[in-house]
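Shown next, in structure tokens, is the structure this report addresses.
Each value in this text was obtained by applying a stated rule to the coordinates, not by laboratory testing. Only a predicted model underlies this, so the values are computations on that prediction, with no experimental measurement involved. Counting neighbours? That spans all protein chains shown, and the Cβs are built from the backbone with ideal geometry, glycine included.
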């Protein structure tokens, strides 16, 4: 009976690990041009400022929702390059996503109530930033 319960719980964990994860992906251009903050980016601006990153302009370049499946890369178009997002397999309390914008690589932990920021490199006298937020 105990062995059966263990097998059943492993099956549930495998199903959960295989479930796709929805991610809201925004590409933001932060620069020091004429002061402007696109709607919905004020909280990002405030967070950056608290951490000593001072930009005067925050413009949303694009926004899309991706459905990520463990181990299967998804691409996000950036100006002049591509970002690759890959849901990491394994059991995690929150989804872990590998982000790659060569030569930059990192893994971020997603949350439904907070955004993860990934510096995607310089662009047009500023920086590109990927904003990743888990969706229910």
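What is the helix-to-structure angle for 2-18, meaning the angle in degrees between its Cα long axis and the longest Cα principal axis of the chain, kept from 0 to 90 and rounded to the nearest 10?
Approximately 30 degrees, to the nearest 10.
Tally the DSSP beta bridges in the chain and give the antiparallel ones as a percent, rounded to 5.
Values: 44 of 46 bridges.
Just about 95 percent of them are antiparallel.
What is the ratio of the Cα radius of gyration of segment 20-135 to 2.2 N^0.38 Å, with N the residue count, to two decimals?
My calculation over the Cα atoms of segment 20-135 gives 1.04.
Packing-wise, with mean Cβ within 10 Å as the measure, how do 98-108, 124-134, 78-88 rank, highest first?
Per-residue Cβ counts within 10 Å, averaged per peptide and sorted highest first, yield 124-134, 78-88, 98-108.
Rounded to the nearest 500, what is the 222 nm mean residue ellipticity of the chain from helices alone, with -39500 (n - 2.57) per DSSP H run of 4+ residues and division by all residues?
Numbers: 2 runs with 26 residues, N = 136.
Computed ellipticity for the chain at 222 nm equals -6000 deg cm²/dmol.
What is the calculated FRET efficiency for residue 38 to residue 67, with r their C-beta to C-beta distance and R₀ = 35 Å, to the nearest 0.05?
On the way: r = 25 Å, r/R0 = 0.71.
So the FRET efficiency works out to roughly 0.90.
Quote to one decimal, in nm, the extra length available between residue 88 and residue 19 on full extension: 0.36 nm per residue of separation minus the C-alpha distance between them.
Additional length available on full extension: 23.7 nm.
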